[in-house]
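Okay, structure first, notes after.
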Amino acid sequence: MANHETLKRPIKDLVADVKAGKLSAVELVRASLERIDQTWDYNAIIEKNPQALRDAEAIDKRIKAGEDLPLGGIPYIAKDNYLTFDTHTTASSNILKSYEAIYEGQVIKRLKAAGAIMVAKANLDAFAHGSSTENSDFGVTKNPVDPTRVPGGSSGGSAAAVALGQACFATGTDTGSSVRLPASFCGVVGMMPSYGLVSRSGVVAMGSSFDTMGVLTNHVEDVGYLFNITAGKDPMDSTTVERADSYLLPEKPKPLKGLKAAVIKEYMAEGIDPGVRAVIQHSVDEMKAAGAEIHEISIPLLEKALGAYYILVPAEVSSNLARHDGVRYGYSSPNATNLEETYFLSRQEGFGAEAKRRIMIGTYVLSSGYYDAYYKRAQKVRTLLINEFKKAFEKYDVLLGPVAPTPAFKIGERAQDPVQMYLADICTVAVNLAGSCGISVPAGESDGLPVGLQIIGPQQGEVKTLEVAQATETLLAKQGAHA
Amino acid sequence: MPDDDMTSLGILAHPTYTYAMSKIGTTQVERIARLARINLSPEEVAKMSVELGTIMEFVEQLQSIDVTDVEPTDQVTGLVDVWREDEVKSFGDRELLLKNAPQTKDGYIVVKRVLNG
């Protein structure tokens with residue numbers, strides 16, 4: 001009988017077993033749904049897909065009829081900012097609480113066409129604004145490793161779901177840290193592709209020049225397997241770029257010998273938890289011992305890059321959230337007496353505190369008299385940062401560092417240690433500013449809590465980055481890796 | 001959501017980063033809220049004044065970076081002039097398009113009156 005442990009096996013092995021008739025889609029989906037029920041209290045899930053078993057039966061029939069489906073029978077969970085049929089799409093916000101998508105996300109379509117079955121929608125910080133899922137309008141998700149702690153965010157429900165074995169993988173989105181941070185906090189693999197590799201069509205927009213469509217998985221090879229299905233041009237997203245021929249990883253990891261990498265000095269500086277630093281240092285030492293040539297690189301601009309992020313993303317957020325007017329869809333205030341009040345009151349009553357804060361900052365930096373001083377200057381700083389990354393990747397294949405300065409923090413704790421919280425996204429936002437790709441690979445523990453190693457690759461450098469991640473994952477698993 | 005729910009941006013409002021005087025007064029906050037078409041309660045305005053002030057104070061660090069002759073980045077892919085045919089395609093399902101609207105009548109979305117009177 002398939003159970004949640006079965007769901008943690010590599011995806012391609014499960015697909016092979018379903019194809020060979022050793023497992024069925026129904027069996028896997030049933031295991032998934034049972035596990036979701038068993039672990040419901042973690043609040044990783046907002047809504048189950050009532051059609052999941054029906055979909056699984058249909059897939060089993062197609063496979064029996066000889067159809068070759070690369071994800072045939074694989075249950076997965078979609079972050080609730082991906083537009084899907086058969087469930088609501090809320091982005092974990094009250095303003096979209098009863099929203100039903102009228103078209104599907106491009107990623108969802110591609111996964112479906114490959115034979116994957118969506119079993120549920122995952123919790124997130126409302127509109128993906130946050131690093132802990134505490135901003136969800138439907139309650140925080142609990143970290144499976146320690147339920148008194150946050151799972152990270154914004155794809156916290158997705159990461160917790162994968163860690164709990166609720167499905168074989170989950171989709172996520174990463175605008176500043178949102179796939180990598182929860183992956184690090186929950187001890188799973190999470191990768192954001194370069195901007196433009198995977199279509200944003202049919203995903204609730206946050207920062208349109210930053211949003212990337214990533215995945216959370218149990219194995220690095222699963223990421224490659226999934227990107228091989230989701231990546232590539234989409235006429236519905238004009239920012240999509242040409243993909244590589246294949247993202248599939250070899251059975252045996254490529255050796256690290258000959259790899260040229262650099263640890264980012266600023267990401268190992270004061271303010272980083274000593275336990276986290278020790279895990280990263282240990283990983284680097286192991287990679288060196290395996291033959292990788294690893295240097296240190298200093299990019300002083302990184303510290304100020306956070307400021308650029310805090311201007312540009314809220315600016316894009318405020319533009320994207322302007323569509324929520326209480327007229328065409330979403331929450332509409334019953335207290336409004338005219339059209340203008342419909343706008344003002346629906347937005348006041350429908351948006352949570354964080355969305356409001358970001359709308360306000362964004363509106364401010366885009367407003368007349370402040371545009372050049374803030375928005376345009378931040379765009380120029382972004383250019384400088386892109387140049388720094390380009391220079392770094394002329395010398396190195398990948399850059400290394402922690403994903404987050406600390407392991408998972410306690411639910412509600414952040415106010416007590418504000419400097420740590422302020423730093424939560426500090427090691428990740430630059431990758432989004434530069435449009436690079438990045439992956440979090442479980443690398444060890446600090447005080448019993450998972451710590452992810454961040455491997456950053458250049459734009460469209462997914463293949464190399466995945467190869468390095470796979471080799472490192474294998475290496476650290478062999479070493480027992482816990483610092 | 002509790003009022004003390006600190007967030008990645010809200011955290012900047014912690015006393016560590018709070019300057020004696022908020023640079024963004026309540027009148028300014030009300031002006032921005034009006035531009036953003038959001039009603040804010042007096043409590044929200046007061047809180048937002050402090051938070052916005054400290055956040056903007058924080059991003060002031062960008063002013064120290066020399067950006068002379070640097071081109072702004074709008075998008076990172078390097079793609080230019082992605083053209084497509086400008087053709088109308090029918091979505092087909094009118095019912096589906098309207099099903100999320102708060103109020104509809106005879107296949108149209110109903111809006112509240114535009115002018116008071």
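The values are calculated or read from the model by the stated rules, or taken from the named source; none is laboratory data. Everything quoted here is computed from the prediction, not taken from an experiment. Neighbour counts are summed over all protein chains in view; Cβ atoms, including those assigned to glycine, are modelled from backbone coordinates with ideal geometry.
Structure notes:
- Residue in the stretch A:94-104 that is buried (at least 24 other Cβ atoms within 10 Å of the Cβ), at pLDDT 95 or above and within 27 Å of A:Ala353 (Cβ to Cβ) present: yes
- The residue of the stretch A:366-385 that is surrounded by the most Cβ atoms within 10 Å (Cβ to Cβ), among those that are more than 7 Å from chain B (Cβ to nearest Cβ) and outside any helix (DSSP H, G or I), is A:Tyr370.
- Meets criteria (in a helix (DSSP H, G or I), in contact (Cβ under 8 Å) with a residue 12 or more places away in the chain and crowded, with 22+ Cβ neighbours inside 10 Å) for A:Ser184: yes
- Filtered residues of the stretch B:78-112 (kept if exposed (fewer than 10 other Cβ atoms within 10 Å of the Cβ) and among the basic types (Lys, Arg)): B:Arg84, B:Lys89, B:Lys105
- Matching residues, the stretch B:35-80, being small (Gly, Ala, Ser), touching a Ser or Thr at 6+ places or on another chain (Cβ under 7 Å) and not in a helix (DSSP H, G or I): B:Ala36
- Residues of the stretch A:120-139 that are part of a loop (DSSP other than H, G, I, E, B), crowded, with 24+ Cβ neighbours inside 10 Å and of a type in the set (A, V, I, L, M, F, W, C): A:Leu124 alone.
- Qualifying residue in the stretch A:216-233 (condition: more than 9 Å from the chain's Cα centre (by Cα), within 14 Å of another protein chain (Cβ to nearest Cβ) and buried (at least 24 other Cβ atoms within 10 Å of the Cβ)): yes
- Screening B:Gln75 on (1) surrounded by 11 or more Cβ atoms within 10 Å (Cβ to Cβ); (2) within 30 Å of A:Pro300 (Cβ to Cβ); (3) over 20 Å from the mean Cα position of the chain (by Cα) shows it passes everything except condition (3).
- Some residue of the stretch A:386-402 being in a helix (DSSP H, G or I), within 16 Å of A:Ile264 (Cβ to Cβ) and within 7 Å of another protein chain (Cβ to nearest Cβ): yes
- Filtering B:Lys99, B:Lys105 for residues that are modelled with pLDDT of 90 or more, facing another protein chain (nearest Cβ under 7 Å) and over 30 Å from A:Ser194 (Cα atoms) leaves a single hit, B:Lys99.
- When the stretch B:49-64 is limited to residues that are surrounded by 19 or more Cβ atoms within 10 Å (Cβ to Cβ) and in contact with a Lys or Arg (Cβ under 7 Å, 6 or more places away or on another chain), the one that is farthest from the other protein chains (Cβ to nearest Cβ) turns out to be B:Gly53.
- Candidates A:Ala261, A:Ala269, A:Ala289, filtered to the one that is closer than 20 Å to A:Ala404 by Cβ, among the small types (Gly, Ala, Ser) and free of Cβ contacts under 8 Å to residues at least 12 places away in the same chain: A:Ala269
- Residues that are more than 30 Å from the chain's Cα centre (by Cα) and either assigned to a loop (DSSP other than H, G, I, E, B) or among the basic types (Lys, Arg) (or both), drawn from the stretch B:95-115: B:Lys105, B:Asp106, B:Gly107
- Evaluation of A:Thr175 against the conditions (1) over 10 Å from the mean Cα position of the chain (by Cα); (2) within 14 Å of chain B (Cβ to nearest Cβ); (3) not hydrophobic (A, V, I, L, M, F, W, C) shows that the sole unmet condition is (1).
- On the stretch given as the stretch A:30-51, residues that are crowded, with 20+ Cβ neighbours inside 10 Å and either part of a loop (DSSP other than H, G, I, E, B) or more than 23 Å from the chain's Cα centre (by Cα) (or both) total 5.
- A:Ser201 being within 21 Å of A:His88 (Cβ to Cβ), surrounded by fewer than 24 Cβ atoms within 10 Å (Cβ to Cβ), in contact with a helix residue (DSSP H, G or I) (Cβ under 8 Å, 6 or more places away or on another chain) and not aliphatic (A, V, I, L, M): yes
- Filter result (closer than 15 Å to A:Gln460 by Cβ and of a type in the set (Phe, Trp, Tyr)) within the stretch A:225-240: A:Phe227
- Of the helices (runs of 4 or more DSSP H) lying entirely inside the stretch A:240-356, those containing at least 1 residues that are touching a Ser or Thr at 6+ places or on another chain (Cβ under 7 Å), farther than 30 Å from B:Val80 by Cβ and not charged (D, E, K, R) are A:274-289, A:339-350.
- Taken as a whole, the condition of being at the interface with chain B (Cβ under 7 Å from one of its Cβ atoms), among the hydroxyl-bearing types (Ser, Thr, Tyr) and more than 30 Å from B:Arg113 (Cα to Cα) does not apply to A:Thr363.
- Residues that are under 12 Å from A:Asn81 (Cα atoms) and in a loop (DSSP other than H, G, I, E, B), drawn from the stretch A:147-177: A:Ser154, A:Ser155
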